[in-house]
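The values are calculated or read from the model by the stated rules, or taken from the named source; none is laboratory data. Values in this document were obtained by computation on a predicted structure and should not be read as measured data. Note: ideal-geometry Cβ built from the backbone for every residue, glycine included; neighbour counts use all protein chains shown.
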Amino acid sequence: MRIIAAMSGGVDSAVAAARVVDAGHDVTGVHLALSRNPKSYRSGARGCCSIEDSNDARRAADTLGIPFYVWDMSDEFADTVVDDFIAEYEAGRTPNPCLRCNEKIKFAAVLDRALALGFDAVATGHYAQLETAVDGTIEMPRIELHRAEDMAKDQSYVLGVLTQDQLAHSLFPLGDTTKPVIRAEAERRGLQVAAKPDSHDICFISDGDNAGWLADKLGPKPGSIVDESGDVLREHDGAYAFTIGQRRGLKLGIPADDGKPRFVLDIEPVSGTVTVGSREALAVDHLSCIKPLWCGVAPIEPLECSVQLRAHGDEHRAVVVADGDTVEVELRDPASGIAPGQACVIYAGTRVVGSATINSTRRA
């Protein structure tokens, strides 16, 4: 097969590309340029789209002996990821830009371009596994997305936005391997990124200061921080600096009556009111979700399953009811600090059923 290997400049994507080459495929390496402004690139290993990363990806491709190109996806990235991030925070929600990037850029724009150029699939360094379901057919196999073997590195959560057609044209060569083995393999192959630290944080915020970056984009939007009785505790310059479940950085100065820490319970974007209260008040047992995306088909009956509500969060036992464009999730295990805008990814065992965007929550 002719394969595009998406090469971020990290050790995972380099080894993924190497494994696809070893499998005998015709492989071309591609690095995504997500910004045209060099000042917006990260420095070092904090993100996944720095100038250094582009150079690392090119060197890895040279080591593997495969063609290498840089694809300019800056306009698509700005329109579908960065602008969405700003709009969601302005609306009082907490988005996951990495999940949106996978949906709109890496497995939509990139895959569409690859297929248009005559390639058969895109391979990435994500930690997840693909299986062909036993009830599929040769003519129309049903591809299942499963958790990775290494649960500490599992990235199926951010891939829960992929459709059946996208999964059929995707390869995840690292899903059955642990990270230490990947690093050792990279060293053995002579890849210079073998010891490169993993990327983290939001790639388009160069200093990691989300609140400061949003303040520059949105300007001051004053509001009040209030307790559950409505008493004003202090003023703030923008509700976008807060997220549900936040404890640090509230700068209240006034201790709670019970002396316990206070957490953000609610954000009202129109008035800019941020409500804080006790940890116990964060617990929710029902989620109303919108914009469902199914890896296969939507469940037609209530589904006993588990859900993951954060990229690195725990699973919660749940019952999911899908009805057209909405998904209702009843949590058997209450969850805390869940914010509208976050993704709810649905699992049946290790299999990813699909995902939806949390629109509202109900407290236990």
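If only residues of region 200-227 that are touching a helix residue (DSSP H, G or I) at 6+ places or on another chain (Cβ under 7 Å) and assigned to a loop (DSSP other than H, G, I, E, B) are counted, the one that is farthest from P95 (Cα to Cα) is S206.
Of all the listed residues (A318, A298), the sole one being closer than 26 Å to I143 by Cβ, among the small types (G, A, S) and in contact with a Lys or Arg (Cβ under 9 Å, 6 or more places away or on another chain) is A318. Only residues in region 161-183 that are under 15 Å from E149 (Cα atoms) count as the first member; pair them with residues that are aliphatic (A, V, I, L, M) and part of a loop (DSSP other than H, G, I, E, B), Cβ under 7 angstrom, at least 6 apart or cross-chain, and list the lot. Close Cβ pairs (under 7 Å, with a partner that is aliphatic (A, V, I, L, M) and part of a loop (DSSP other than H, G, I, E, B)) amount to F172/A128; G175/A128; G175/A148; I182/L174.
Checking each residue in region 118-136 for being in contact with a Ser or Thr (Cβ under 9 Å, 6 or more places away or on another chain) and aliphatic (A, V, I, L, M) picks out A121, V122, A123, A128, L130. Of everything in region 54-111 that is assigned to a loop (DSSP other than H, G, I, E, B) and over 13 Å from the mean Cα position of the chain (by Cα), the residue that is surrounded by the most Cβ atoms within 10 Å (Cβ to Cβ) is M73. Each residue in region 195-244 was checked for being touching a His at 6+ places or on another chain (Cβ under 8 Å) and surrounded by 14 or more Cβ atoms within 10 Å (Cβ to Cβ), and 4 pass. Considering region 300-336, and only residues there that are closer than 26 Å to D150 by Cα and part of a loop (DSSP other than H, G, I, E, B), the residue that is modelled with the lowest pLDDT turns out to be G313. Would you check if D333 is under 21 Å from S156 (Cβ atoms), free of Cβ contacts under 8 Å to residues at least 24 places away in the same chain, under 22 Å from the mean Cα position of the chain (by Cα) and surrounded by fewer than 19 Cβ atoms within 10 Å (Cβ to Cβ)? Taking the combined requirement at face value, the residue does not satisfy it. For the criterion of being of a type in the set (A, V, I, L, M), within 30 Å of Q164 (Cβ to Cβ) and free of Cβ contacts under 8 Å to residues at least 24 places away in the same chain, I300 passes. Whether any residue in region 165-178 is part of a helix (DSSP H, G or I), of a type in the set (V, I, T) and closer than 30 Å to R351 by Cβ is what I want to check. Looking for residues that are part of a helix (DSSP H, G or I), of a type in the set (V, I, T) and closer than 30 Å to R351 by Cβ, one finds none in region 165-178, hence no. Being of a type in the set (F, W, Y) and modelled with pLDDT under 95 is the filter here, so list the residues in region 337-364 that pass it. Passing the criteria: none in range.
Yes/no matrix, rows are residues, columns are (1) charged (D, E, K, R); (2) more than 24 Å from P340 (Cβ to Cβ):
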site	(1), (2)
D83	yes, no
I86	no, no
E90	yes, no
T94	no, no
L99	no, no
E103	yes, no
K106	yes, yes
A109	no, yes
D120	yes, yes
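Residue-wise test of (1) among the small types (G, A, S); (2) modelled with pLDDT under 90.
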site: D12; (1), (2): no, no
site: A33; (1), (2): yes, yes
site: R46; (1), (2): no, yes
site: E52; (1), (2): no, yes
site: D62; (1), (2): no, no
site: G65; (1), (2): yes, no
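Taking the stated definitions as given, is G118 under 23 Å from the mean Cα position of the chain (by Cα), assigned to a loop (DSSP other than H, G, I, E, B), outside the structural domain of V297 (by TED's automatic domain parsing) and under 18 Å from V27 (Cβ atoms)? Taking the combined requirement at face value, the residue does not satisfy it.
In region 154-164, the qualifying residues are those that are of a type in the set (S, T, Y) and assigned to a helix (DSSP H, G or I), and the one that is farthest from V21 (Cα to Cα) is Y157.
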